[in-house]
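> Following this message is one structure expressed as structure tokens.
The values are calculated or read from the model by the stated rules, or taken from the named source; none is laboratory data. Treat the numbers as computed from the prediction; the structure is a model and nothing was measured. Cβ coordinates were reconstructed from backbone atoms using ideal geometry, including for glycine residues, and neighbour counts include every protein chain displayed. All accessible areas refer to the heavy atoms of the entire protein, side chains included, with ligands and DNA or RNA removed. Shrake-Rupley method; radii C 1.70, N 1.55, O 1.52, S 1.80 Å.
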Amino acid sequence: MRKHEPKKRRSLSLSEQTFPIIEQITAGMPGGFFIYHADEEERLIYANRALFQIYGCKDLEEFQALTGYTFPGLVHPEDVEATQQSIRHQIYVLGSDLDHVEYRILQKDGTVRWIEDYGHFVHTDLYGDLFYVFVEDATEKHRKAIRDAETARLAQERLEALEALEHETTALKLVHEILSSGMWTMEFDARGQMVSVFWSQDFRTMIGYTDEKDFPNVLSAWSDLLHPEDHDRVLREYYAAIEDYTGKKVYNVEYRLLTKDRGYRWFQATGKLSRREDGTPITYVGMFVDITERKETDEKLREQRALLEEALVKAQRASQAKTMFLNNMSHDIRTPMNAIIGFTNLATTHLDDRELVRDYLSKITASSSHLLRLINDVLDMSRIESGRVVIDESPCSISQILYDLQSILRADLETRELHFQMDTRALLHPHVICDRLRLNQVLLNILSNALKFTPAGGHITVTAAEMPGDTPDTAIYQFRIQDTGIGMAPEFLEHIFEPFERERTSTVSGIQGTGLGMSITKNLVELMKGQITVESRQGQGSVFTCAFPFRLSAAPDVGETPAASAPRPSAHWHILLVEDNELNQEIAVTILEEAGCLMDVASDGAQAVEKVSHSLPDPYDLILMDIQMPVMDGIEATKAIRALSDPRLANIPIVAMTANAFEEDRQRVLSAGMNGHLGKPINVDKLFSTLQSILDGEAAK
């Protein structure tokens, strides 16, 4: 039914990912919204909940059963042909992208209602040619039109009976009585000069005045109340009708008028003059109608349509960004995976060459670390968007954080031949209360980008400064990171902090990443109640500035010295490993047995409880517990062990060793009665330092 010439098509990337956004936007609208294919079958691909309600349906299933989920199924059978003809006329004859039509519908209970339909043709990359349509229930409007037509017919009959009257004023009074509108008349003498003005009492009442004393019969009583933005335009139209001696000019304007009790309201005024044979005016008669509600409805409709258009554009951009993200991720994940698989195969075929195998293993480790960073970025963004990131503040040293960062980056700086400078002279109070981990993540993200995009021989400068805070115990800490790298284009700067945005793909730039780093950084900065800005010019580098309000701390630095690699255990610890994955079992058992530990393995929580229950008289020194396992998970197994009657078994230290590696996961296992938490992939140094700390604590008891 609704088809369109190809030369007028507009392309729009519409997908199912946009439908929740459209539902959110259309939820507050007074009418329904649907999208359907512009082909012979005209099947719907989307309809909002408001449309179901218009048709008396409680859900999509009822709506589909009632209408067949096609556009013709929405229309009353007796109106289908007329509706088709009207739309064809608007599209093919008038050549419009938009169509407007009214038709009847049948609700689920058989009730007949009238619908006002606004359709708009679009071309989408995914679904082809579509129409999206906004509808609203026009039943009351249709009924009012019928009543108004009947009223007008009656008025015409009475007006025709008054044709012999000398002036049109009498006729206007009659129409005014029928339509209950405000009326005005103005009389002119033979020279065309105005001699009298009359405002009806109904008009005075409409604008909040009671009598002629409040609102006198003079022109200025009305003109002085005109809205300043409408004043000159309305008076031009008013006098133009008087000065048009041809009698063809009709006064018909909309404007705002200041009422006595309700502020500015919208009115529509119409007027016409009777004239003598020489064209001079005799009587100027007209009516006022309050159209405020109509104007407000029209404005809301315009706003809603604008919101819908904006939502579709945003949905299109989000869809394009996520598509680009998936394409980039597919490439960026496959790149380190290809290296891991490739160098593993090479190592297998060169086992007799230890140096070559060691080189391959080094490259496998680097590729694995990069792959883990990609995955962590995606997971970080997901946790931020779901509100699960919690800021954990504690005493720390700003100076130590910065110098630790320099130590982390030193090897990369030397490899890339970059000059690095750090200036902390403006730090008066280096000890603060903040989230050390998240501050480190913010600064490391920015510095990592500076390293990536600054060519050899370039400069990177970090300047830390302190400014007074809002209270004596706070200060504003500003970190300015400047590089002499390739810079960014102005159009990309507008979107740098949006998810999935990258100025160049890694294929073009040779630099890998998810396009999430800066979005994660901005979210973390805001979670710490800070601000971040960026300035950049292509070919001249970038400057990132972060500012945070931190509380001052007099406490000594906590944990500021990086821990050395944990010593391997000297005692033969007896450890139970609870792990359902055979490869993970092999890795952990091999690492711990080579360090001198005596290992036992359980493949699920139920086996673990059974083994612990029968481990006397020589119970395990410690249990390494996976969380997600079949039969019984690690949380339930821990609770079961802690409930054993023998305290020698119930109090065995339990450490979670799990891929559930976030802070909320750590808190969950500790709340379940575990003694520690280790994330996968296994960090060998952290594994042994954690075991040493826990078992040393047990030995000291």
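> Tell me, in nm to one decimal, what length is gained between Glu582 and Gln201 on full extension, where the rule is 0.36 nm per residue of separation less the Cα-Cα distance?
Length difference between fully extended and current span is 127.9 nm.
> Can you give the accessible area per residue of the range 202-265, in Å², using a 1.4 Å probe? Could the numbers behind the result be given before it?
On the way: 3660 Å² over 64 residues.
Result: 57 Å² per residue.
> Please compute the length gained on full extension between Lys300 and Asp685, using 0.36 nm multiplied by the number of residues separating them and subtracting their Cα-Cα distance.
Details: separation 385, 0.36 × 385 = 138.60 nm, distance 6.31 nm.
The span from Lys300 to Asp685 would gain 132.3 nm if fully extended.
> Provide the packing ranking of 521-527, 344-350, i.e. peptides ordered by the mean count of other C-beta atoms within 10 Å per residue, highest first.
Ranked from most to least packed, the peptides come out as 521-527, 344-350.
> If I take R0 = 41 Å and measure r between the Cβ atoms of Glu610 and Ser448 in this structure, what FRET efficiency does the formula 1/(1 + (r/R0)^6) give, to the nearest 0.05?
Details: r = 48 Å, r/R0 = 1.16.
Efficiency computed from Cβ-Cβ geometry: 0.30.
> Calculate the FRET efficiency for Gln667 and Thr210 from the Cβ-Cβ distance with a Förster distance of 56 Å, rounded to the nearest 0.05.
Here the calculated transfer efficiency is 0.20.
> Here's another thing I want to ask about it. Ignoring ligands, DNA and RNA, what percent of the accessible area of the range 580-701 is carbon or sulfur (1.4 Å)?
Within the range 580-701, the accessible surface is 50 percent carbon and sulfur.
> Tell me, what are the semi-axes, in whole angstrom and largest first, of the equivalent ellipsoid of the range 26-145 as set by the roots of 5 times the Cα gyration tensor eigenvalues? Walk me through the numbers on the way to the answer.
Values: eigenvalues 88, 65, 37 Å².
One finds semi-axes of 21, 18, 14 Å for the range 26-145.
> Mean projection of the alpha-carbon convex hull of the range 437-489 over all orientations, in nm²?
Here the figure is 5.0 nm², rounded to one decimal.
> Applying 1/(1 + (r/R0)^6) with R0 = 22 Å to the Cβ-Cβ distance of Ser399 and Gln531, what FRET efficiency is obtained, to the nearest 0.05?
So the FRET efficiency works out to roughly 0.50.
> Checking the table Lys363/Lys680; Lys452/Lys522; Lys144/Lys300; Lys213/Lys272; Lys213/Lys248 against a 30 Å threshold on Cα-Cα, which pairs fail?
Too far apart for the 30 Å limit: Lys213/Lys248.
> Follow-up. Work out how much length Lys141 to Glu636 would gain on full extension: take 0.36 nm times their residue separation and subtract the Cα-Cα distance, in nm to one decimal. Present the calculation step by step, with values, prior to reporting the outcome.
Working: separation 495, 0.36 × 495 = 178.20 nm, distance 6.39 nm.
Roughly 171.8 nm would be gained on extension.
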